[in-house]
Every structure is written in structure tokens, then in C-alpha cells.
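Data block below; observations after.
Every read-out reported here was derived from the displayed coordinates using simple, explicitly stated rules and does not represent laboratory data. Computed from a prediction, not measured in an experiment: that's the story for all the values here. Counting neighbours? That spans all protein chains shown, and the Cβs are built from the backbone with ideal geometry, glycine included.
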Amino acid sequence: MTTTDQNNTPAPVKILIVDDDPLVLELLGISINSFGFEHVAANNGREALKILKQQEFTIVITDMMMPEVDGMQLLEHVTSTHPQTAVIVVTGYTGTFSYMDVIRAGASDFISKPFNSDELEAKINRILREYKLINKLERLSNCDPLTELYNRRFLNNRAKEEFYRADRQGYDIFLIMLDVDNFKSFNDQYGHQEGDNVLIKLSEILRQSTRTDVDLVFRYGGDEFAIITPYISREQIGMVADRIIASFNEQNFAETGISLGIAEFKRGNDDLGQEITALFKRADLALYKAKEHGGNRTVFAEN
């Protein structure tokens with residue numbers, strides 16, 4: 001689970017603790033509260049599996065010896081279905097599972113019972129430091145340095161996941177392609193520094209006009225941007241487009257405007273990758289038509 005959103009705001013640390021011994025579970029909860037972290041408790045591995053279907057966690061701390069679903073089975077489930085969630089194994093049966101056993105199975109760390117609160121806090125903080133470094137590296141890899149929006153590389157990686165989920169769960173999802181009208185002329189007249197300022201301001205407008213943790217905003221390249229926006233109607237996305245245009249025009253960048261092409265994703269019978277490629281082509285064509293009609297407007301692609 002990533003610990004920052006698109007605005008680079010740290011997400012709260014959330015820990016799932018799992019143990020069939022009520023006393024150990026209570027002591028773990030008290031310790032984690034004292035570290036300043038939020039936690040959810042599960043009395044056994046089967047309950048933990050149900051909770052993991054409903055919520056995302058930064059770290060899972062689990063006992064190994066439990067009835068029905070033991071800690072090793074839970075560990076295997078987390079590593080396969082929640083690969084960005086760390087797992088700390090806590091057990092008094094060190095002869096049954098060695099340190100290397102659980103590390104090879106995908107655990108981030110191992111602690112023996114009776115656990116030491118200081119040791120547990122140190123292990124949690126080490127994991128969080130690693131998360132912070134990984135997030136920084138991912139952000140450098142996935143974000144455009146000028147606008148701090150996601151870049152085209154990340155869009156290419158994320159698009160299939162987003163459109164597949166929308167198709168599977170049956171909700172509406174749209175792709176917006178947009179760019180700045182007369183941007184080359186503006187750059188030639190006022191210089192690249194002023195051109196960069198236009199792009200930075202536009203990126204701020206796009207953030208303000210979209211929903212945090214719902215919509216995904218990308219710098220596609222040059223002065224072109226893309227937005228993937230789920231859970232929204234055609235009427236609502238038209239209002240979002242109008243808001244983007246109005247906010248940009250308030251900046252009074254000489255002889256510029258914003259043109260937008262919007263395409264709705266509808267799954268057909270082709271390969272998902274081919275359908276996503278076709279979706280981008282339809283949004284690009286709608287953007288081109290917006291420019292053909294004078295720019296500073298929105299055109300919806302035909303389905």
C-alpha cells in the first residue's frame with residue numbers, strides 16, 4: 001500500500017494485529033497505541049482474512065500458531081494479494097518456524113514471544129523508513145518533475161488496472177485528454193520559463209478540479225494532460241471540464257485556452273489492451289475536434 005497520495009500527503013499508518021490469545025492481542029494493541037499508530041484486531045487468521053477483504057493495512061502483525069488459518073497461511077495470503085503490505089511474525093514457537101522460514105515466505109521481520117515493546121517499535125519504524133524511501137523512489141520514477149503530476153510511464157502502467165476494475169465492478173469511467181491552445185505561439189512570444197509557469201498553473205487547476213484519491217491526473221507529454229475519472233456520469237464530467245476551462249481562463253494567459261476530448265470506456269469483445277488503445281484514440285480525436293472548432297471547449301467522443 002502506498003503511504004502517500006498524488007498530492008504527496010502521507011497516509012496514516014494502519015496496522016492489523018492477529019492472535020488467538022486475547023492477552024497477547026491486548027498487549028499488542030496497547031503497545032501500538034503507545035507508538036501512535038491506528039490498529040485493528042483480529043482474534044484468528046480466518047477473521048483476519050475477512051478484515052483484509054474490507055480494509056487496506058500498512059503492516060500485519062500475526063501470530064503463527066493459530067487454529068484453522070495459521071500465521072503461515074495468512075502470510076502467504078498477504079504476500080500474494082496485498083504485496084505492498086508488510087508482515088511481522090510474532091511467535092513463541094521458534095522451534096516450529098525459524099527466522100529464515102518466515103523471511104523466505106515473504107515476512108518483513110520476525111519477533112519472539114514474549115515480545116519486547118521497544119523491539120517491536122524499532123521493527124515497525126524500520127519498515128516505515130523503508131516505505132518512505134520506496135515511495136520517494138517510486139515518485140521520482142512515476143512523476144513529472146515540473147508539474148509533480150503522474151507521468152506517461154505511470155499512466156501506461158496504471159490504465160489497464162483502472163479500466164479492468166471499472167469493467168469488473170460495473171461503474172462508469174472516463175478518459176479526458178486535454179492540452180493548451182496556442183501553447184507553441186505563447187512559448188515563442190513569452191519564452192519557455194513563462195510556458196513552464198502555464199503548465200505548472202494548469203496542473204494546480206487540474207488537482208483542484210478533480211477528486212483526491214479518486215481521479216488520476218497525468219502529464220501526458222509537452223502541454224498535453226490526461227485524467228482517468230471513475231464513478232462519474234457524463235453530465236458530471238462535463239461540469240468538471242467546464243470548471244477546468246473557466247479556472248484556466250481566469251489566469252488570463254494571453255491567447256491561450258484549454259481544449260478537452262472526453263471518451264467513456266465501454267468494454268467490448270476485444271483484448272483489454274486493444275480497447276484501451278482505442279479509447280485513447282477516441283479521446284485524442286475528440287480533442288482534435290475541439291481544436292478544429294476554435295478550441296477552449298470540450299468535445300465528447302462517439303461511443
For segment 210-243, list residues with backbone N below 20 Å from a point placed 7 Å from the Cα of ALA278 toward its Cβ?
-> 229
Acute angle (nearest 10 degrees) that the helix 272-292 long axis makes with the longest principal axis of the chain, alpha-carbon atoms | 30 degrees
Rounded, prolate or oblate: which fits segment 201-281 when a ≥ b ≥ c are the square roots of the eigenvalues of the alpha-carbon gyration tensor, with rounded for a/c under 1.5 and prolate only if a/b beats b/c?
-> prolate
Rounded to the nearest 10 degrees, what's the angle between the helix 152-169 long axis and the longest principal axis of the chain, both from Cα atoms, 0 to 90?
-> 70 degrees
Angle in degrees between helix 22-35 and the longest Cα principal axis of the chain, rounded to the nearest 10 = 50 degrees
For the chain, what is the calculated [θ] at 222 nm in deg cm²/dmol (nearest 500), taking -39500 (n - 2.57) for each run of four or more DSSP H residues and dividing by its residue count?
-> -16000 deg cm²/dmol
Under 1.5 on a/c is rounded, so check that first for segment 38-130, then, if it is not, pick prolate when a/b is larger than b/c and oblate when it is not; a ≥ b ≥ c are the square roots of the alpha carbon gyration tensor eigenvalues.
-> rounded
When the chain is fully extended, how far beyond the present Cα-Cα distance does ASN197 get from ALA254, taking 0.36 nm per residue of separation?
-> 19.2 nm
Two pseudo-spin positions, 7 Å from Cα along C-beta at ASN43 and at TYR164, lie apart in nanometres by 3.7 nm
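Shape verdict for the chain, please, from the Cα gyration tensor: rounded (a/c under 1.5), prolate (a/b greater than b/c) or oblate.
prolate
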